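As structure tokens, the structure follows; a few thoughts come after it.
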Amino acid sequence: MVVEVMNVYVALDLLAKAVREAREERGLSQRELARRLSMNTRTIMDLEICRSNPKGETIFLIARELHISLDAIAHAGTSRPNSCLLYTSPSPR
């Protein structure tokens, strides 16, 4: 098995793009998506511009509502389809 390392910011960027694209494809505003999920509109806005590090539950609820495959997002940054991703945080400086 090949292990590839992906920075957490890259993963969040992939998620943000997927959420924005799926939301727009469905003709939903950020406000409408937030209303459907009983969330604050700011939560959706911040996620889409990578200003937040959302909780797993928030990611799951948004992905489920928009029919986004979290597995597909996780493997979007890999160079090999069967590789395993290891998410890392940037080193403190």
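Tabulated data for the structure shown
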{"quantity": "Mean accessible surface per residue for region 25-75, computed with a 1.4 Å probe while every protein chain stays in place, in Å²", "calculated": "65 Å²"}
{"quantity": "Accessible area of region 15-69 belonging to carbon and sulfur atoms, whole % at 1.4 Å probe", "calculated": "45 percent"}
{"quantity": "Table column - 3J(HN,Hα) (Hz), region 51-66, Karplus curve with 6.51, -1.76, 1.60, x for Gly and Pro", "calculated": "8, 10, 10, x, 5, x, 4, 5, 4, 4, 4, 5, 4, 5, 5, 9"}
{"quantity": "Interchain or long-range residues, amide H under 5 Å from Asn7's placed H", "calculated": "Thr88"}
{"quantity": "Gained length - Asp13 relative to Asn53, 0.36 nm times residue gap less alpha-carbon distance", "calculated": "13.4 nm"}
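The values are calculated or read from the model by the stated rules, or taken from the named source; none is laboratory data. What you see is a predicted model; the values in this text were computed from it and never measured. Accessible surface areas use protein heavy atoms only, side chains included; no ligands, DNA or RNA. Shrake-Rupley method; radii C 1.70, N 1.55, O 1.52, S 1.80 Å.
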